[in-house]
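Heads up: the structure comes next, in structure tokens.
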Amino acid sequence: MSDISTSTVPQNDPGAAYRAQKSAIDAAIARVLARGWYILGEEVAEFERDFARYIGVNHAIGVANGTDALVLALKALDLGHEDYVVTVAHTAVATVAAVELAGARPLLVDIEPMSYALDAAALARVLKSPPGRIGAIIPVHLYGQAADLAAILPLAREHGIPLIEDCAQAHGARFGERRLGSLGDIGCFSLYPTKNLGALGDGGIVVTADNALAERLRALREYGWRERYVSDIAGMNSRLDEVQAAVLRVKLPELDGGNRRRAAIADAYDRGLAGSGLGLPWRRPGASHVFHQYVVRSPARDRLRDALRARGIGTNIHYPVPVHLQPAYRGRIALDPAGLPESEAAAREILSLPLYPQLDDRAVARVIAAVRESAVE
Ligand SMILES: Cc1ncc(COP(=O)(O)O)c(C=O)c1O
């Protein structure tokens with residue numbers, strides 16, 4: 001056994017999630033290997049049924065990754081090259097990349113400083129004087145909690161614009177009584193290994209209550225086929241494979257328990273870091289937070305990160321450069337004319353502490369002690 005006082009505490013550890021369910025996962029993989037059917041078979045169909053039921057929608061469509069989930073959602077809405085899609089710059093670059101991959105134009109707006117999610121006031125502003133037709137809105141439920149859907153949903157409805165929820169970091173989180181992904185027209189999830197529900201490779205899933213959209217999504221993920229070898233619409237290849245689906249069927253029943261452990265660790269961090277001078281996560285009233293990340297904020301972020309590294313505490317920055325300032329996008333992406341000052345400030349100050357369900361209480365106490373020492377240096 002490693003000595004917790006000297007070993008490194010990683011920021012995330014997908015291998016620990018595998019070890020926690022090793023025999024069930026190994027058995028599920030062996031079952032698929034023996035069956036000899038590896039793409040879009042009964043494991044995917046069962047996982048889709050289970051996940052749709054879990055989210056509270058009629059349809060779930062397994063795809064290759066979370067980026068494709070967004071691309072397929074946008075393609076299902078049949079957006080044109082002139083259409084803008086409103087989203088944020090403070091997100092995984094995938095959210096914005098997906099808009100361009102689907103052939104539409106990103107229009108980026110600022111975030112709320114408290115939640116780090118899309119600012120409804122900025123959205124209202126761009127909807128009032130848009131640069132062109134707005135084809136969709138993608139709020140990102142960042143770090144595990146809902147964007148301000150109480151304000152964003154009515155704005156989308158009022159303007160007749162479809163809403164796609166980017167739920168890549170919010171599996172199982174609720175807004176009111178409902179799970180995220182079930183409130184907009186389409187919900188998109190990544191199943192990347194470090195997510196709250198993670199495969200042992202790439203994976204993604206799209207959910208919707210709309211029968212026609214579900215039917216288009218199923219066709220689009222496999223060459224536009226409704227009937228084998230007949231492409232009615234121009235599709236792509238983005239399929240969830242049977243091995244990943246079998247693993248995800250083992251992991252889905254543990255998702256709520258994993259999210260409860262994440263929330264308990266977050267509560268311990270809140271208590272342990274109160275009065276440390278760091279900005280601590282804000283919780284949206286009426287919503288649950290599944291703490292994909294526990295993000296603190298400090299103007300001395302880089303020094304804090306170095307001091308934690310010296311003490312064996314792993315951290316990460318989600319994300320260090322807003323998308324509109326990334327080399328591939330700088331100067332050529334449409335932005336809210338009011339600018340994105342909160343996104344730029346957040347990128348300079350945020351730091352994600354270690355957080356995953358298998359992180360034990362001793363490691364949590366060690367992180368708290370190290371952050372408290374480092375914050376005063
Ligand atoms: C907010 C967000 N959107 C989209 C994605 C894309 O998911 P994937 O990496 O599975 O393509 C991710 C994950 O990286 C994400 O965090």
Karplus (6.51, -1.76, 1.60) ³J(HN,Hα), θ = phi - 60°, over segment 343-351, in Hz, Gly and Pro reported as x: 5, 5, 5, 4, 4, 7, 10, 8, 8
The chain - Debye-derived log10 I(q)/I(0), Cα point model, q = 0.09, 0.14 Å⁻¹: -0.51, -1.21
Rounded accessible area per residue of segment 142-223, 1.4 Å, Å²: 31 Å²
Cα-based reach from Lys128 at 29 Å (exclusive), listing lysines while leaving out same-chain residues under 8 positions away: Lys75
Distribution of pairwise C-alpha distances over segment 312-377, 5 Å bins, in %: 3, 14, 18, 17, 13, 10, 10, 9, 5, 1
Taking the C-alpha atoms of segment 248-377, convex hull volume expressed per residue in Å³: 166 Å³
Reachable lysines from Lys22, criterion Cα separation under 29 angstrom, eight or more residues apart if same chain: Lys195, Lys251
Computed E for Ala264/Glu158 - FRET, C-beta separation, R0 35 angstrom, nearest 0.05: 0.35
Computed lengthening from Glu42 to Arg362, 0.36 nm per intervening residue step minus Cα-Cα distance: 111.1 nm
Carbon + sulfur, % of accessible area of the chain - ligands and nucleic acids excluded, 1.4 Å: 52 percent
Probe 1.4 Å - accessible area at His159, Å² to nearest ten: 80 Å²
Relative contact order %, segment 192-251, counting alpha carbon pairs below 8 Å whose residues are six or more apart: 31 percent
Selected from Ala212, Ala102, Ala34 as most flexible by GNM, with the chain as the system and alpha-carbon contacts under 10 Å: Ala34
Global size of segment 17-97 as Cα Rg and Dmax, reported in angstrom: 17.1, 51
MRE, 222 nm, helices only [DSSP H, n ≥ 4, -39500 (n - 2.57), over the chain, to nearest 500]: -12000 deg cm²/dmol
From the C-alpha gyration tensor of segment 108-258, square roots of 5λ in Å: 28, 22, 12
Cβ-derived FRET efficiency at R0 41 Å, Ala274 paired with Gln21, nearest 0.05: 0.75
Difference of contour (0.36 nm per residue) and Cα-Cα distance, Ser129 to Arg178: 14.5 nm
Summed residue charge, Cβ within 15 Å of Val247's Cβ, Lys/Arg positive, Asp/Glu negative: -3
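The values are calculated or read from the model by the stated rules, or taken from the named source; none is laboratory data. Note that this is a predicted model, so its numbers are computed, not measured. So basically every Cβ, Gly included, is an ideal-geometry build from the backbone, and we count neighbours across all protein chains shown. For the accessible areas, the whole protein counts, side chains as well, though only heavy atoms, and no ligand, DNA or RNA atoms are used. Shrake-Rupley method; radii C 1.70, N 1.55, O 1.52, S 1.80 Å.
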